[in-house]
Amino acid sequence: MAGGITDTGELYSPYVGLVYMFNLIVGTGALTMPKAFATAGWLVSLILLMFLGFMSYMTTTFVVEAMAAANAQLRWKRMEKRKEDDEDSSSGVSDSDVLLQDGYERAETRPILSVQRRSSANIFEITERVEMGQMASMFFNKVGVNLFYFCIIIYLYGDLAIYAAAVPVSLMQVTCSVTGNHSCSVGDSTKYNDTDKCWGPIRRIDAYRLYLAAFTLLLGPFTFFNVQKTKYLQIITSLMRWIAFILMIILALIRISRGQAEGHPSMAQLSGIRNLFGVCVYSFMCQHSLPSLITPISKKKHVNKLVLLDYILILAFYSLLSFTAIYCFRNDTLMDMYTLNFTNCEIISVAFIRYFLGLFPVFTISTNFPIIAVTLRNNWKTLFHREGGTYPWVVDRIVFPAITLIPPVLVAFCTHDLESLVGITGAYAGNGIQYLIPAFLAYCSRKDTQLVFGSGTVNKHLSPFRHSFWIVFVLIWGFSCFVFVTANIVLSESKL
């Protein structure tokens, strides 16, 4: 994430890649979607979900296209370097005064036709993992690169704030109860306030902050070190996630089939669109991780079709999860974290399942928090890095981890409104990462490819949305969303 080229890693089949992408996209955002569906109305939610899924798929193909263009650039530079070295060794005369260093200037004077003749079919093959930060450095100017890092950093801060709030909220809900037996009280008609008692004189908000402090003390130190996500950890968390999601869908369907459903969702409530938009954008987020996901796929000939199939499956899954939720539970009883609706004895009598679902976010989110924190810390380092420079020990090992950890913890300390946190993160930083950055990458990479390789060269991974209209459409949509969300927030605040 911090930029740069890394090893591709072990290759896997296209269908394994499909599963990995599914697991990447379907995460924390899915748990907040049922509440957002109920708030905005089922018809508006379904239309917006389908449209945003289509937009996310389009920008995913833009990123894949930019990855192919970046790989072609790297091959071209290596071939040029090899050619220069061969000429130097044979003639002893350097061409450095003739060949310009900048790719654009070089292309304007002499398109690399030799590269096209030698390997035009494979020049755009995606074999090296080029992260989005590196693509931004290749295709954007200095201002564009800084804006990219600013956007990705804000998004990761939002991610960490959501994680830092979700774990203490789940622990508070599972352990706190007015009656002293939470496992049979959450999810019913009782609405708890933060000032309600938890244990003796300890209020619920006090318990939340105690859990937040413990969470920070236990996982925060990992920000000061390097953390690598292991294969087995990924398998365990993915398995737990799917058990939890399938259980929730089945339990909701059973309750509906028995005539115990309490939900009567409205068709449309415009006031809920703002949060729904942010939640949907957040729930389709994968663009920033595509290089790590797409590059190891062994056969990429039909990668766009594979991604389309994934988005169709994810859309169906989100719809099933949300519709079963809004018809099973009343709107006013749906929790920000949907798993907490299943910690009620009336929903499920098996205590193990109640606690498993109630504590599910604690296990899965806790494993991701250190990884996201280290990623954010590395992005900060890359943003301020200067060629040939090094950071003092205090700055490298103390300052950067501290500015990574403290802000999201402070946000989580001030609020645990997960729906709003997800909505704002998705509506602003997520909007930039999912729409604006991929559109600019596609535009700049196409321009760069034409300048370097000539106008007749075709990127084999060119997006199906190859007409410039689609790039303009995405950019207009992205900027319009910024204006809409901001105006909605301002109008909502003015009414209070």
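The values are calculated or read from the model by the stated rules, or taken from the named source; none is laboratory data. Note that the structure is predicted; figures quoted are calculated from it, not measured. For neighbour counting, all protein chains shown are included, and Cβ atoms are generated from backbone atoms with ideal geometry for every residue, glycine included. Side chains are part of the model used for accessible areas, which takes the heavy atoms of the whole protein and leaves out ligands, DNA and RNA. Shrake-Rupley method; radii C 1.70, N 1.55, O 1.52, S 1.80 Å.
So how much accessible area does LEU24 have, in Å² to the nearest 10, using a 1.4 Å probe?
70
Using alpha carbons only, what's the Rg to Rh ratio of the stretch 290-437 with Rh from Kirkwood?
Ratio of gyration radius to Kirkwood radius for the stretch 290-437: 1.04.
Amide H of PHE124: which non-local residues (sequence gap of 5 or more, or other chain) have their own amide H closer than 5 Å, using H built in the peptide plane?
So PHE124 has HN proximity to LYS460.
How large is ³J(HN,Hα), in whole Hz, for each residue of the stretch 323-331 in order, when computed from phi with the Karplus curve 6.51 cos²θ - 1.76 cosθ + 1.60 and θ = phi - 60°, using x for Gly and Pro?
Karplus-based 3J(HN,Hα) across the stretch 323-331 equals 5, 5, 6, 6, 8, 7, 10, 5, 4 Hz.
How would CYS151, CYS414 rank on accessible area, largest to smallest, probe 1.4 Å? Show your work: numbers first, answer last.
Working: CYS151 20, CYS414 110 Å².
In descending accessible area the options line up as CYS414, CYS151.
Using 21 Å as the Cα-Cα cut-off, could you pick out the over-long pairs in LYS77/LYS460; LYS81/LYS142; LYS300/LYS460? Don't skip to the end; give the middle numbers.
Working: LYS77/LYS460 19 Å; LYS81/LYS142 25 Å; LYS300/LYS460 10 Å.
Correct reply: LYS81/LYS142.
Roll a 1.4 Å probe over the protein chains and send me the accessible area per residue for the stretch 432-496 in Å².
On the way: 3420 Å² over 65 residues.
Spelled out: the 1.4 Å probe surface of the stretch 432-496, per residue, equals 53 Å².
What FRET efficiency comes out for the pair PHE317/ASP196, r = Cβ-Cβ distance, R0 = 45 Å, nearest 0.05?
0.80
Given N residues in the stretch 402-496, what is its alpha carbon radius of gyration divided by 2.2 N^0.38 Å?
The value comes to 1.53.
Fully extended, how many nm does the chain gain between ASP86 and PHE473 (0.36 nm per residue separation, minus their Cα-Cα distance)?
Length gained, ASP86 through PHE473: 134.7 nm.
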